[in-house]
1. Kirkwood hydrodynamic radius (Cα pairs, Å) of region 49-181?
2. Tell me, what is the per residue accessible area of region 1-59 in Å², probe radius 1.4 Å?
3. After finding the eigenvalues of the alpha carbon gyration tensor for the chain, what semi-axes result from the square roots of 5 times each, listed largest first in whole Å?
4. Ignoring ligands, DNA and RNA, what percent of the 1.4 Å accessible area of region 1-142 is carbon and sulfur?
5. How would Trp79, Trp218 line up by accessible area, probe 1.4 Å, largest first?
6. Under a straight-distance cross-link criterion of Cα-Cα below 24 Å, which lysines are reachable from Lys80, leaving out those fewer than 8 residues away in the same chain?
7. Under 20 Å Cα to Cα from Lys178, which lysines show up? Leave out anything in the same chain fewer than 8 places away.
8. Let me understand region 113-202 better: what is its radius of gyration from the alpha carbons, and its Dmax, in angstrom?
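The values are calculated or read from the model by the stated rules, or taken from the named source; none is laboratory data. On a predicted model such as this, the values are computed, not experimentally measured, just so you know. Backbone-built Cβ (ideal geometry, glycine too); neighbour counts: all protein chains shown. Just the protein is used for accessible areas: all its heavy atoms, side chains included, with ligands, DNA and RNA removed. Shrake-Rupley method; radii C 1.70, N 1.55, O 1.52, S 1.80 Å.
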Amino acid sequence: MSLILGHRGASAYAPDNTRSAFELAVQQGADGVETDIHLTKDGIPVIQHNYEIDRNSNGKGYVEQMTYDELLQYDFGSWKGEQFKGEKILSLDEALEIAQRSMSLINLELKQTMHFNSPIVEKTIEAVKKHKMVDRVMLSSFDYALLQKAQLLCPEMLIAALYDEAEVKQNNIEEILKDPASYISNLGFDFANPHIDYLCEEGIVEKFTQKGIGVTVWTVDKPYIAQMCVKRGVKCIITNKPKVICKAVREICD
Ligand code: G3P
Ligand code: MG
């Protein structure tokens, strides 16, 4: 059976990438969450999707240009509803504490950094090791250089290559779309994490499986698509709506 991961937590129902969203994902039956990491100005890995905090907080500016203490002043919940008022930005440490006690897998997505030589990989691995979570983390990124660095530093951790049309163009790796299984296999990564659009091709999961690569797909919020993914042998399904997708997957697995 496929594992279900809440995309930034149960982000359809709670402010994305917050404690509420993570806890709700678990309550709704998810096996874990997918979440995004940036480094603060003072080098603390934090949980946040966008580079700026303007969309999902009452503050403004770039995470990389603010210290962790500055970020703690802001409210990351109210934009989604009064009931979430006072949600603070989560540090990676706090996210791993939640995962440690309640999740069988957490997918940490390293966001690309604006700084050459950023220690985001080292800091993330340090936190994962501190929480003894190496065997329950899947590390993913659109930036394969970050993944290659992680692979060298922590070969036992699962490494997953994300891809979608926009990001492969931006990173000049359109080549991957011709034969993603060979491309990812040559890099020696464990998982391919394509956008759902790339799973429409019949037999695509088998191509990865033959090369010993698992498939995680994002973002799946429709029950029939989740059921198709399970039937095709997808290992992990990332969804904004764990409640809906867990029910759909149970229906065909029970
Ligand atoms: O990891 C899957 C997905 O989260 C990648 O895109 O922009 O939602 O982080 P994004
Ligand atoms: Mg993400």
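1. Details: mean 1/r = 0.0604 Å⁻¹.
Result for region 49-181, one decimal place: 16.6 Å.
2. 31
3. On the way: eigenvalues 150, 101, 52 Å².
Each semi-axis is √(5λ); the values are 27, 22, 16 Å.
4. Numbers: 2870 of 5890 Å².
That share works out to 49 percent.
5. Details: Trp79 105, Trp218 35 Å².
Largest to smallest exposure gives the sequence Trp79, Trp218.
6. Once the sequence-local lysines are set aside, what remains near Lys80 is Lys60, Lys88, Lys111, Lys222, Lys241, Lys243.
7. Here the lysines satisfying the reach criterion relative to Lys178 are Lys169, Lys207, Lys211.
8. Cα radius of gyration and Dmax of region 113-202 are 13.8, 41 Å respectively.
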